[in-house]
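Trainee: If you scroll down you'll find the structure; I have some questions about it.
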Amino acid sequence: MTEKKYYKGSTDGKQPLTGDPLAGIADAYDLIVIGSGLAGLTAANVIGRAGKRVLLLEQHYNYGGMATWFKRSGGHVFDISLHGFPIGMKKTCRKYWSQEIADSIVQLEGVRFSNPQFDFETTFDRADFTEKLVEHFGIECTKVEEFFSHLRAMNFYDDNTETTGELFERFFPGRNDVHRLLMEPISYANGSSLDDEAITYGIVFSNFMSKGVYTFEGGTDLLIRKMKQELVKNGVDLCSRVQVDRVLIENGRAVGVEALGRRIKSGAVLSNASIPGTALQLVGEEHFDADWIAGLRAVRVNNSSTQVYMGIRDGETLPWVTDLLFTSTRETFDSASLCDLHGESRTFSFYYPKTRPGTDRYTVVSSMNAHHTDWNALTDEEYELEKQKLAETTVAALEHYVPGISAKIDHLEVSTPRTFEFYTLHPAGASFGTKFEGLPFSMNLHEQIPGLFHAGSVGIIMSGWLGAANYGVIQANKVDAWLHSLQEVSA
């Protein structure tokens with residue numbers, strides 16, 4: 001009897017591999033993209049639109065990386081990541097995707113903070129944050145303006161070792177409540193802490209301060225469907241359920257990939273997998289300089305997260321609370337505690353029917369930052385108990401804002417760092433890639449292996465939907481220049 005092979009990325013891990021996911025693809029391409037996070041998708045679209053032949057391979061059954069979704073019985077559709085990004089996503093989508101996609105990006109109606117130190121609604125932009133800092137927290141307006149101007153001048157090429165905690169103390173000394181307002185939402189957006197470089201905070205915060213928080217109207221499933229349509233229109237070949245085994249290296253140069261026992265040649269390879277996984281697993285350290293590998297091994301992987309998905313029974317409704325709720329019962333702010341296994345802080349994303357026009361369904365997703373080590377050390381029995389405890393404490397916390405909601409929930413599901421690791425193959429289930437020191441290894445991978453490029457969530461500032469998409473564009477431009485150089489040599 002022949003042993004069945006299973007898709008690791010299937011909904012239950014038990015769907016048999018039938019047919020050939022690579023059937024019909026060519027033997028050679030200008031570019032092969034490994035992974036379909038927003039960086040990989042955007043890079044593929046940029047190069048495909050330039051008239052090059054592109055193949056995109058994704059090991060999961062869904063595209064989008066962390067920007068994806070899943071469905072459950074009862075008509076539930078759950079978005080994985082928090083539904084919030086800066087307005088810059090609108091310009092990026094218009095320029096590198098389509099006007100139709102850009103037109104579906106709309107501003108969230110409400111962002112709320114609720115904790116023992118303050119409780120208020122905000123439009124989450126510079127004008128409103130200035131008003132809050134001056135009127136609610138009593139900070140001098142000139143100091144607030146100086147702070148914003150300082151952040152706005154930052155860029156990721158700066159050689160600045162100041163930490164975010166040191167930055168806050170310089171502008172707002174001893175103001176733990178102000179630090180909480182400024183830091184807590186960014187920690188959820190990219191995993192950064194007060195101990196990380198200030199630059200990793202400043203750029204992301206400034207992007208949000210432009211005009212607030214936005215989302216994609218119609219849900220992540222509609223966004224990815226429209227992106228796939230655009231990719232196909234631009235001649236990109238898409239293959240899901242294909243896990244790449246290795247990047248082919250000949251004469252020190254990347255010349256294609258091997259997947260499902262098949263060798264596919266290409267002029268360039270762009271990996272949207274993790275940078276450690278790309279170099280150490282897909283390529284192999286023997287192809288790199290020893291010092292470079294030693295440096296890469298020292299790069300810290302960022303933290304992961306847990307999410308609790310709450311599906312509201314068909315026919316039930318929820319009152320308006322807000323779109324995005326940053327809540328905590330912790331008396332004072334401690335950024336390290338945001339990753340505690342039994343933490344007191346969580347973010348609720350409320351999905352009303354307006355999120356997916358044409359439906360009348362409601363869902364709520366809770367997110368908490370987390371350490372993979374806390375969850376990975378548990379036995380299977382302990383793991384299930386901790387998941388149950390997380391679900392129960394999350395619903396109890398939500399009851400404070402929506403009394404009676406527990407009776408309206410008919411689907412309750414928990415994901416952990418182990419879940420993210422299984423479905424995304426990210427080391428330690430990292431939700432936000434590597435720490436800042438990983439950025440040069442990603443950006444300059446092609447200097448070690450010509451023809452091999454990387455685009456993904458690295459260095460914190462590249463995390464989030466906008467950062468990922470823009471990073472895909474940055475690396476696509478390098479790929480395009482490389483492909484042109486190959487044409488000149490062959491001519």
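Trainee: Please enumerate the residues belonging to region 449-472 that are assigned to a helix (DSSP H, G or I) and either touching a strand residue (DSSP E or B) at 6+ places or on another chain (Cβ under 9 Å) or of a type in the set (Gly, Ala, Ser) (or both).
Mentor: Selection gives GLY464, TRP465, LEU466, GLY467, ALA468, ALA469, GLY472.
Trainee: Could you count how many residues in region 34-61 are part of a loop (DSSP other than H, G, I, E, B), surrounded by 20 or more Cβ atoms within 10 Å (Cβ to Cβ) and at negative phi?
Mentor: Of the residues in that region, 5 qualify.
Trainee: Collect the residues in region 473-485 that are under 11 Å from THR42 (Cβ atoms) and touching a strand residue (DSSP E or B) at 6+ places or on another chain (Cβ under 6 Å), keeping them in residue-number order.
Mentor: GLN475
Trainee: Is it true that SER442 is assigned to a helix (DSSP H, G or I), at pLDDT 95 or above and within 22 Å of LEU466 (Cβ to Cβ)?
Mentor: Yes: the conditions hold for SER442.
Trainee: Then there is this: Those residues that are of a type in the set (A, V, I, L, M, F, W, C) and farther than 28 Å from ALA476 by Cα, I need them from region 82-119; list them, please.
Mentor: LEU108, VAL111, PHE113, PHE118, listed by residue number.
Trainee: Follow-up question, since we're still on this one. Somewhere in region 327-334, is a residue modelled with pLDDT of 95 or more, touching a Pro at 6+ places or on another chain (Cβ under 6 Å) and either assigned by TED's automatic domain parsing to the domain that holds SER187 or over 30 Å from VAL106 (Cβ atoms) (or both)?
Mentor: For region 327-334, residues modelled with pLDDT of 95 or more, touching a Pro at 6+ places or on another chain (Cβ under 6 Å) and either assigned by TED's automatic domain parsing to the domain that holds SER187 or over 30 Å from VAL106 (Cβ atoms) (or both): present.
Trainee: Give me the pairs, please: first residue somewhere in region 281-310 and within 23 Å of GLN243 (Cα to Cα) and in contact (Cβ under 8 Å) with a residue 24 or more places away in the chain, second residue anywhere and buried (at least 22 other Cβ atoms within 10 Å of the Cβ) and hydroxyl-bearing (Ser, Thr, Tyr), beta-carbon distance under 6 Å, and either six or more positions apart or on two chains.
Mentor: If the second residue must be buried (at least 22 other Cβ atoms within 10 Å of the Cβ) and hydroxyl-bearing (Ser, Thr, Tyr), the pairs left are VAL301/THR434; SER304/SER431.
Trainee: Considering only residues that are under 25 Å from the mean Cα position of the chain (by Cα) and assigned to a loop (DSSP other than H, G, I, E, B), look in region 395-433 and name the one that is surrounded by the fewest Cβ atoms within 10 Å (Cβ to Cβ).
Mentor: LEU425
Trainee: May I ask you to verify whether GLY219 is farther than 30 Å from LEU167 by Cα, modelled with pLDDT under 95 and in contact with a strand residue (DSSP E or B) (Cβ under 7 Å, 6 or more places away or on another chain)?
Mentor: yes
Trainee: What is the residue count in region 302-327 for residues that are in a strand (DSSP E or B) and more than 18 Å from MET368 (Cβ to Cβ)?
Mentor: The number of residues fulfilling the criteria is 2.
Trainee: Which residue is surrounded by the fewest Cβ atoms within 10 Å (Cβ to Cβ), if the candidates are limited to region 362-394 and must be assigned to a helix (DSSP H, G or I), touching a strand residue (DSSP E or B) at 6+ places or on another chain (Cβ under 7 Å) and among the hydrophobic types (A, V, I, L, M, F, W, C)?
Mentor: Applying the filter and picking the extreme gives ALA391.
Trainee: Let me ask another. Of the residues VAL204, VAL134, which is at negative phi and more than 25 Å from the chain's Cα centre (by Cα)?
Mentor: Answer to the check: VAL134.
Trainee: Determine if region 427-436 includes at least one residue that is in contact with a helix residue (DSSP H, G or I) (Cβ under 7 Å, 6 or more places away or on another chain), over 30 Å from LYS354 (Cβ atoms) and either among the aromatic types (Phe, Trp, Tyr) or at pLDDT 95 or above (or both).
Mentor: Scanning region 427-436, I find at least one residue that is in contact with a helix residue (DSSP H, G or I) (Cβ under 7 Å, 6 or more places away or on another chain), over 30 Å from LYS354 (Cβ atoms) and either among the aromatic types (Phe, Trp, Tyr) or at pLDDT 95 or above (or both), so the answer is yes.
Trainee: Another question about this same structure. Kindly indicate the residue of region 153-201 that is part of a helix (DSSP H, G or I), within 21 Å of the chain's Cα centre (by Cα) and of a type in the set (Phe, Trp, Tyr) and also nearest to SER442 (Cα to Cα) among those meeting that condition.
Mentor: Looking at the filtered set, the residue picked out is TYR201.
Trainee: Which of the residues that make up region 328-357 are buried (at least 16 other Cβ atoms within 10 Å of the Cβ), in a loop (DSSP other than H, G, I, E, B) and touching a residue at least 40 places away in the same chain (Cβ under 8 Å)?
Mentor: ARG330, PHE333, LEU341, ARG356
The values are calculated or read from the model by the stated rules, or taken from the named source; none is laboratory data. These numbers come from a predicted model, not from an experiment. Using ideal geometry, Cβ is built from the backbone for each residue, glycine included, and neighbour counts are taken over all protein chains shown.
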